[in-house]
Amino acid sequence: MKRSLLAGIALASILGAASAAQAAVIVAPVSVQLLNGGTVNSRYQVDNVMDQSGLSVGYEAGVTDFDAYVASNVRHSGDLDTEWAGTRGVSAARLVFDFGREVTLFKLAMWDENNTSIARMRLSTPTLGEFANFAVNENRGAPYGVSDVFQFTPITTRFLTLEFTGCGTEPENQTANGCGLGEIIFADGSSVGGVPEPATWALMIGGFGMAGAMLRRRQRLALA
């Protein structure tokens, strides 16, 4: 009876660990650098895209579930000092996000600034180079919701570069012909398709071993 209980506990722990591994929390960069694309004026600094200043609901990095947060229809105010807007007439920009350490990412969500437009976004890292290329949807009016959620093969990096092209060329463009962004968040991908940790393997093997032993014991008793 005791062995059966232990096997059940072990298997339940394995299933619980697998379920928890599917959740992806929000990962926050520690800084962002604008390599090119400019800033239309001092009120539209690039740091605004990662400081939650325009969001209707805040989040806690490392705790808040990415998918649940995006699904909750969080809005961006579109107010001054809450967005980044690039120099007018400049149709491309590059932003480099520094996470302060190596992190594994597999999704990002964007609140695309409502008075500018971006045609395409390319993602790259110093090690991989360019690894993803997406078309970008546009927001109109304010407050506005998430314009895009992009998913890609999990990558591990400290630095992630976003390159925007075709800015100011979309028909949705309203008043500015440069690049721009309201807010961006990233999803932790460390558990996506990951190999179990050694402790999880040990628990799994032990649990299945106990279950197998109990089955063999019951079979012997049935034959006796």
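Here, each number is a calculation from the coordinates, and none is a lab measurement. Everything quoted here is computed from the prediction, not taken from an experiment. As a convention, Cβ positions derive from the backbone with ideal geometry for all residues, glycine included, and neighbour counts pool all protein chains shown.
Summing charges over all other residues whose Cβ lies under 10 Å from the Cβ of ALA176, with Lys and Arg as +1 and Asp and Glu as -1, gives 0.
For the stretch 93-187, what log10 I(q)/I(0) values come out of the Debye formula at q = 0.13, 0.24 1/Å, with one point per alpha carbon and no solvent? Per q value, in the given order, log10 I(q)/I(0) is -0.43, -1.24.
Based on the alpha-carbon gyration tensor of the stretch 40-132 and its eigenvalue square roots a ≥ b ≥ c, which shape applies: rounded if a/c is under 1.5, prolate if not and a/b is larger than b/c, or oblate? Walk me through the numbers on the way to the answer.
On the way: a/c = 1.70, a/b = 1.05, b/c = 1.61.
Oblate, since a/c reaches 1.5 and b/c is not below a/b.
The H on the amide N of ASP148, modeled in the peptide plane, is under 5 Å from the matching H of MET110, ASP112, each at least 5 residues off or on a different chain.
Across all directions, the average projected area of the convex hull around the alpha carbons of the stretch 47-91 is 4.2 nm². Using a cutoff of 8 angstrom between alpha carbon atoms and counting only pairs six or more residues apart, the relative contact order for the stretch 76-155 works out to 38 percent. 3J(HN,Hα) couplings calculated from phi for the stretch 133-147 with the Karplus curve 6.51 cos²θ - 1.76 cosθ + 1.60 (θ = phi - 60°) are, in sequence order, 8, 10, 7, 10, 7, 10, 9, 10, x, 8, x, 10, x, 4, 8 Hz; Gly and Pro show x.
Each of the peptides 144-151, 99-106, 78-85 was scored by the mean count of other Cβ atoms within 10 Å over its residues; in descending order, highest first, they stand as 78-85, 144-151, 99-106.
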